[in-house]
Amino acid sequence: MFVPKYRKRMIFGHLRRQIGAMLRELWVQHDIELVEGHAGGFTDEIGAIVPGGAASGILPPTALDAPLTRYGLRGYGAGPGSAALQVFPGSYSPLRLLAETMRFFAEESCQKCTPCRIGNRALHHLCEELVRGEAAMPREKIDEWLLAMEKTSICGLGQASPFPVRNAMRWWPELFEPLD
Ligand code: SF4
């Protein structure tokens, strides 16, 4: 089986140098090496990263130490996705990041199947309510929605959109305390 040695990468966000062009990097290179080697390092404290597109995951800064591979990010419950690394400052709440991510999925849904059509809207609403310190639904209901979306959505958008929700609940559990 052919295994690619290189992959194109793009980095943007909270960086000293913005890298708009695609970079050709070693497939196994760590995110931190890309950031420090090509983007000049960070401008401030890092709050969260998105390793490769909206559905790839929302992860804590420690994930920058992981190899940029499916296996390297598996322990974080994420994947390399499109390889477009986004770096967010500590001043930007992971909950706001998640809310905007779910807004994106709700708007991108083609509305064909119910789990994706309703689920992404519901999860976006959930995040906006959490920002206000309120719980739009109990945690068990959220778990039901996440599972239904993963298992019964027709295409990858609905199947993958629960990933960043699961990541945020895992890495920033304090943001979800209103659900308890
Ligand atoms: S999962 Fe795919 S097919 Fe179903 S509504 Fe979402 S985008 Fe459309």
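Every read-out reported here was derived from the displayed coordinates using simple, explicitly stated rules and does not represent laboratory data. Computed from a predicted model, the values in this text were never measured in an experiment. Every residue, glycine as well, gets a Cβ built from its backbone with ideal geometry; the counts of neighbours run over all protein chains shown.
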Whole-Hz Karplus couplings 3J(HN,Hα) for the range 67-74, θ = phi - 60° and coefficients 6.51, -1.76, 1.60, Gly and Pro as x, run x, 7, 10, 4, 6, x, 9, 4
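About the Cα centre of the range 71-180, what is the dipole size in debye to 20, counting +1 per Lys and Arg Cβ and -1 per Asp and Glu Cβ, all else neutral?
Details: 12 positive and 13 negative charges, 71 e Å.
Magnitude of the dipole: close to 340 debye.
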